[in-house]
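Shown next, in structure tokens, is the structure this report addresses.
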Amino acid sequence: MTAPESEPAIKPTQPPVTDEDALTLLRDGRLEVAGRLVEATNMTLYCSVKMGSRSAACVYKPVRGERPLWDFPDGTLAAREVAAFEVSQATGWRIVPPTVYREGPFGPGMCQLWIDTEREIDLMRLVRSRNPVVRRMAVFDAVVNNADRKGGHLLPLPTGHVYGVDHGVCFSVEDKLRTVLWQWRGKPLAREAVAVLAKLERDLESGSLGRRLRELLSLAEVEATWQRVRRLLDTGVHPYPSEGWPAIPWPPI
């Protein structure tokens, strides 16, 4: 993510070192709006969050700024973003940056740690690559039923890690997977992915992940998430595009 051109980048003082530090800061820190990302479909605010000597840049998406969608219930996108983070954490892949649901200057909404990206990386080349980190994201998107994985939602870091953002249109009970990451369609899942999916299945059925998702999503959506994980384990392959839904989002980047 790149800071709004009209606003200077926020310079953190003693930024969070771990995800737990970031979550505490995002949840309990003082949130101040610095600018707005005008290209975003829904209200997306670039903010600073401060608590004591610690601070960081973050993104705040208030529920009141969500535009109604025909295929998702009104006022649910922020909770879906947090649910995607919970699934990300359960995989151990750290695909979604630290994300919380909290009160802010414009009411409750999603608050997510700002990620400064590696600007020299060719994003289209990364999207088309066989990068194993990106392959993990393709599995993750199949689990959460991501209806909008654009190339611009990939945030590569100089370390080689790749974050993914913008998960407001996930977890539908209908098959809505729409992504630019189809290069593994029909290919056998990596052994690592199978082990992670088996853990997710258990955690969704009777563990803390299932309990947490039931706080954020409908019971039908949580059940559908479990069913998608079960289907991936049963088939053992990356999914193919749905015949009844566009395979690639527009615009793709």
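Observations on the model:
- Estimated at the nearest 10 Å², the accessible area of Asp122 is 90 Å² with a 1.4 Å probe.
- Gain on full extension, evaluated as 0.36 nm per residue between Arg27 and Ser53 minus their Cα-Cα distance, stands at 7.8 nm.
- Accessible surface of the chain, 1.4 Å probe: 52 percent of it comes from carbon and sulfur atoms.
- Each Cα pair under 8 Å and six or more residues apart adds its separation to the average, and for the chain the resulting relative contact order is 17 percent.
- Accessible-area value, Phe106, 1.4 Å probe, nucleic acids and ligands omitted, Å²: 80 Å²
- Members of Lys11/Lys61; Lys61/Lys199; Lys61/Lys176; Lys50/Lys150; Lys150/Lys176 lying beyond 25 Å, as alpha-carbon distances in this model show: Lys61/Lys199; Lys50/Lys150
- List Glu39, Glu215, ordered by accessible area with a 1.4 Å probe, largest first: Glu39, Glu215
- Rounded if a/c under 1.5, otherwise prolate or oblate - the stretch 1-124, Cα gyration tensor axes: rounded
- Per-residue extension of 0.36 nm, minus the Cα-Cα distance of Val17 and Ala40, leaves a gain of 5.5 nm for this segment.
- Förster radius 22 Å - calculated FRET efficiency between Ala190 and Ile121, Cβ distance, rounded to 0.05: 0.45
- Calculated [θ] (222 nm, deg cm²/dmol) that DSSP helices of n ≥ 4 give over the chain, each run adding -39,500 (n - 2.57): -10500 deg cm²/dmol
The values are calculated or read from the model by the stated rules, or taken from the named source; none is laboratory data. Here the structure is a predicted model, which is why all the values come from computation and not from measurement. Don't worry about glycine lacking a Cβ; one is built from the backbone with ideal geometry, like all the others, and counts go over all protein chains shown. Side chains included, ligands, DNA and RNA excluded: accessible areas come from the protein's heavy atoms. Shrake-Rupley method; radii C 1.70, N 1.55, O 1.52, S 1.80 Å.
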